[in-house]
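Enquirer: The structure under discussion is supplied below as structure tokens; questions concerning it will follow.
Every number in this text was worked out from the coordinates using simple rules, so none of it is lab data. Worth saying up front: this structure is predicted, and the values here are computed from it rather than measured. Because the Cβ atoms are built from the backbone with ideal geometry, glycine has one as well, and the counts that use them run over all protein chains shown.
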Amino acid sequence: MQANNEIRGERPNAVDKTVLERIKAAVGPKGFTMEPSEIEPHCQSWRDNWHGWVPMVVKPANVEEVAAVVAICADSGTPIVPQGGNTGLTGGSQPHADGTEIIISTSRMNKVREIDVLNNTMAVEAGCILADLQAAASDADRLFPLSLAAEGSCQIGGNLSTNAGGTQVLRYGNARNLVLGLEVVLPDGRIWDGLRGLRKDNTGYDLKQLFIGAEGTLGMITAAVLKLFPKPAEIQTALVAVPDPKAALALLSRATECVGEQVTAFELIQRRPIDFVLQHVPGMSDPFAEVHPWYVLMEVSGQGVPDSLREPVEALLGDGLAAGEVLDAVLAANRAQGEALWKIRESIPEAQNHEGQSVKHDVSVPISRIAEFLERADRLLEAAYPGVRCVAFGHVGDGNMHYNPVQPLAGDGEKDGVDFAAEYGAINRIVHDLITELNGSISAEHGLGRLRRDEAKRYKSDVEVDLMRTVKEALDPSNIMNPGKVV
Ligand SMILES: Cc1cc2nc3c(=O)[nH]c(=O)nc-3n(C[C@H](O)[C@H](O)[C@H](O)COP(=O)(O)OP(=O)(O)OC[C@H]3O[C@@H](n4cnc5c(N)ncnc54)[C@H](O)[C@@H]3O)c2cc1C
């Protein structure tokens, strides 16, 4: 875990008392807390590597209350940290430790305002939990395809603000592709009502795109119109053992040629993280009798009659076997078996936590260069850190890998866990330099927050950094929206 230099446990209150009183009056007794035990969970991150403090967490009930609070903050120059489910991984949703900021949490704004089945859209408030939105869409016989392991806690406002990716991007695109309209409270407290459910609207700049992926630095998203899709009538899930990443990419190409865009997910998993899951997560077992070096978790879904995709999937796996791309495969017989295969993949982040210090990377390269990236990154790190245990898994169908080298085992190599933690920046540098050489991105889906802000400046051109600053200064000249994050 990367160390954060802010001191844990201090509880400063540097927000003017009259400002806090004005906020209390604007949201009423249910709309805020100043109770330290209630504030605490809002101030630390999911991985427990970012801690800060605010004197008040504000929980407005509706957009008007958000606007009133933001206007008070604009007027008094009080910085705001917008917060959804607080599952973000880059320190974007935690406050700084000096007690000068307030958090605005969207947790009470959790209504589905409307589902328009004919238009294939739903209008929802920012605080809706992602899993609840998937369920609401399903109840209307539709699919909302955004899916990630944090879906039981993360909120759609946070998903849009980080332009979340997840497991279904290959087929449906990331969060940005799933939005038709937004409602946003601007840094001066005005409300922009862009809640349009239109697939065509060429009336100037596409303003909603500014706020998607802005990580709360340009305004507070309070509601969105989201795209819905037909609910798949059939889903085939297979865990496929493959010899190496090159074979996985050949299999992806074969799968898309065979069943087209019905390939919904294509995840590449190295053996080492599977070992971690088997060792640390209760109730897990290896679906194969033999150990294999790499695996692909593939999902194919469609609208046809039940099981109509089974034969094509079996055929493509058979052809892959004959071509040497596939070593073995388990094709789930039903949804429960499919979900059990997904559980292996989704348990990796938790299982990895038991193995000591790891250095996280959320990177992307053109799909055609994934194998080269993995090969070269392993070689560079093994040379620099003897005994390092390289770990790779991710959404290979989108060119996005989570590449998280773990500290050597005790007595194996020169560096113990403590030293390895001190190498965090140096390891990032090796991986990110390589990613940049391969024309990739140092943050594929988690955003920049505080973790990657300065790193991004190193790799972006001056023109790009300048454009980002120009946008920030135009919308938030007083820098009250999530200061110190992204730009
Ligand atoms: C186990 C696990 C698995 C994960 N898997 C994935 C994955 O596969 N793909 C992926 O992309 N991410 C993944 N993440 C990261 C995280 O879940 C996503 O970034 C998620 O979209 C964050 O949503 P949230 O509601 O928790 O946002 P938060 O963490 O609360 O906030 C994230 C950022 O958005 C800002 N923000 C939040 N709400 C608003 C709002 N209403 N208006 C303006 N700004 C706002 C915050 O200030 C912060 O900068 C994972 C996280 C965990 C813990």
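Enquirer: Based on alpha-carbon positions alone, could you give the equivalent ellipsoid semi-axes of segment 18-170 from the gyration tensor, as √(5λ), descending, whole Å?
Expert: Working: eigenvalues 169, 72, 27 Å².
Calculated on Cα positions only, the semi-axes equal 29, 19, 12 Å.
Enquirer: Also: I'd like the distance between the alpha-carbon centres of segment 200-221 and segment 48-96, rounded to an integer number of Å.
Expert: Cα centres, segment 200-221 to segment 48-96: 19 Å.
Enquirer: Using only alpha carbon pairs under 8 Å that are at least six residues apart, calculate the relative contact order of segment 112-230 and give it in whole percent.
Expert: Numbers: 236 pairs, mean separation 38.4, N = 119.
The value is 32 percent.
Enquirer: Considering the dipole of segment 165-223 built from charges on the beta carbon (Lys and Arg +1, Asp and Glu -1) around the Cα centre, which of LEU195, THR167, ALA214 is farthest to its positive end?
Expert: Highest projection toward the positive end goes to THR167.
Enquirer: So what's the angle, to the nearest 10 degrees on a 0 to 90 scale, between helix 245-259 and the longest Cα principal axis of the chain?
Expert: That works out to roughly 90 degrees.
Enquirer: Give me the Kirkwood hydrodynamic radius of segment 17-105, using the inverse of the mean 1/r over all pairs of distinct Cα atoms, in Å to one decimal.
Expert: Working: mean 1/r = 0.0770 Å⁻¹.
It works out to 13.0 Å.
Enquirer: Specify, per residue and in Å³, the volume enclosed by the convex hull of the alpha carbon atoms belonging to segment 356-445.
Expert: Details: hull volume 7.1 nm³, N = 90.
Cα-based convex hull of segment 356-445, divided per residue, equals 79 Å³.
Enquirer: Classify segment 234-348 as rounded, prolate or oblate, taking a ≥ b ≥ c as the square roots of the eigenvalues of its Cα gyration tensor: rounded when a/c is under 1.5, otherwise prolate if a/b is larger than b/c and oblate if not.
Expert: Numbers: a/c = 2.01, a/b = 1.30, b/c = 1.55.
Oblate shape, in that a/c is at least 1.5 and b/c is the bigger or equal ratio.
Enquirer: Separate question: Over segment 356-445, what is the mean sequence separation of C-alpha contacts under 8 Å (at least six apart), divided by residue count, expressed as relative contact order in percent? Provide the component values of the computation, followed by the final result.
Expert: Numbers: 149 pairs, mean separation 39.3, N = 90.
Dividing the mean separation by the residue count of segment 356-445 yields 44 percent.
Enquirer: Provide the gained length on full extension for the span THR18 to ALA323, in nm with one decimal, where the gain is 0.36 nm per separating residue minus the Cα-Cα distance.
Expert: On the way: separation 305, 0.36 × 305 = 109.80 nm, distance 7.18 nm.
That works out to 102.6 nm of additional length.
Enquirer: Now a separate question. So if I take the centroid of the Cα atoms in segment 329-375 and the same for segment 276-295, what is the distance between those two points in Å?
Expert: 12 Å
Enquirer: Another question about this same structure. GLY99's amide H: which non-local residues (gap 5+, or another chain) put their own amide H closer than 5 Å, with H modeled 1.01 Å from N in plane and none for Pro or chain starts?
Expert: Placed amide hydrogens put TRP53 under 5 Å from GLY99.
Enquirer: For segment 359-368, what does the Karplus curve 6.51 cos²θ - 1.76 cosθ + 1.60, with θ = phi - 60°, yield as ³J(HN,Hα) per residue in whole Hz, taken in order and with x for Gly and Pro?
Expert: 10, 8, 9, 10, 10, 9, 9, x, 3, 5
Enquirer: Right, here's the next one. Looking at the chain, I'd like the Rg to Rh ratio, where Rg is from alpha-carbon atoms and Rh is Kirkwood's inverse mean 1/r.
Expert: We get a ratio of 0.97 for the chain.
Enquirer: Whole-Hz ³J(HN,Hα) for each residue in segment 291-298, computed from phi via Karplus 6.51 cos²θ - 1.76 cosθ + 1.60 with θ = phi - 60°, x for glycine and proline: what do you get?
Expert: 8, 10, x, 9, 9, 10, 9, 10
Enquirer: Within segment 336-414, which GluC sites (Glu not before Pro) sit in a loop by DSSP and count at most 16 neighbouring Cβ atoms inside 10 Å? Let's see the in-between values first.
Expert: Details: sites: GLU339, GLU346, GLU350, GLU355, GLU372, GLU375, GLU382, GLU414; in loops: GLU414.
Listed in order of number, the matching sites are GLU414.
Enquirer: If contacts are Cα pairs under 8 angstrom and at least 6 residues apart, what is the relative contact order of the chain in percent? The partial results should precede the final answer.
Expert: Values: 1037 pairs, mean separation 73.2, N = 487.
After rounding, I find 15 percent.
Enquirer: Let me ask something additional. May I ask for the net charge around GLU355, where only other residues with Cβ less than 10 Å from the Cβ of GLU355 are counted and Lys, Arg are +1 while Asp, Glu are -1? List each step's numbers first, then the result.
Expert: Working: positive: ARG272, ARG389; negative: ASP275.
Every neighbour counted, the sum reads +1.
Enquirer: Under 15 Å from the Cβ of GLU290, count the other residues' Cβ atoms, weight Lys and Arg +1, Asp and Glu -1, and hand me the total.
Expert: Residues close to GLU290 contribute a combined charge of -2.
Enquirer: Taking H as built 1.01 Å from N, whose amide H comes closer than 5 Å to the amide H of LEU228, not counting residues under 5 places away?
Expert: Sorted by chain and number, the residues that satisfy this are THR121, MET122.
Enquirer: Then there's this: Under the Karplus relation 6.51 cos²θ - 1.76 cosθ + 1.60, θ = phi - 60°, what is the ordered set of whole-Hz ³J(HN,Hα) values for segment 140-148, x standing for Gly and Pro?
Expert: 8, 6, 10, 10, 9, x, 4, 8, 8
Enquirer: Could you put SER161, SER368 in order, starting from the residue whose Cβ has the fewest other Cβ atoms within 10 Å? Mind dumping the intermediate values first?
Expert: On the way: SER161 30, SER368 11.
In increasing order of surrounding Cβ atoms, one gets SER368, SER161.
Enquirer: Out of all DSSP beta bridges in segment 17-105, what portion is antiparallel? Express it as a percent rounded to 5. Don't skip to the end; give the middle numbers.
Expert: Values: 3 of 9 bridges.
Of the beta bridges lying entirely in segment 17-105, close to 35 percent run antiparallel.
Enquirer: Over 29 Å between Cα atoms: which of LYS200/LYS485; LYS59/LYS457; LYS360/LYS457; LYS24/LYS457 fall into that group?
Expert: Working: LYS200/LYS485 33 Å; LYS59/LYS457 33 Å; LYS360/LYS457 18 Å; LYS24/LYS457 38 Å.
Distance filter (> 29 Å) returns LYS200/LYS485; LYS59/LYS457; LYS24/LYS457.
Enquirer: Moving to a separate point now. Grab the DSSP H runs of the chain that are 4 residues or longer, score each as -39,500 (n - 2.57), total them, divide by all residues and round the 222 nm result to the nearest 500 deg cm²/dmol. Could the numbers behind the result be given before it?
Expert: Values: 17 runs with 168 residues, N = 487.
Here the helix-only value at 222 nm equals -10000 deg cm²/dmol.
Enquirer: Residues with amide H under 5 Å of SER147's amide H, sequence separation 5 or more or different chain, H placed in the peptide plane at 1.01 Å from N; which?
Expert: Under 5 Å from the amide H of SER147: THR167, GLN168.
Enquirer: To the nearest 10 degrees, how steep is helix 335-346 against the longest Cα principal axis of the chain, on a 0 to 90 scale?
Expert: Taking the Cα atoms of the chain, the angle to 335-346 is about 70 degrees.
Enquirer: Output the 0 to 90 degree angle, nearest 10, between the alpha-carbon long axis of helix 370-384 and the longest principal axis computed from the alpha carbons of the chain.
Expert: With rounding to tens, the tilt is 80 degrees.
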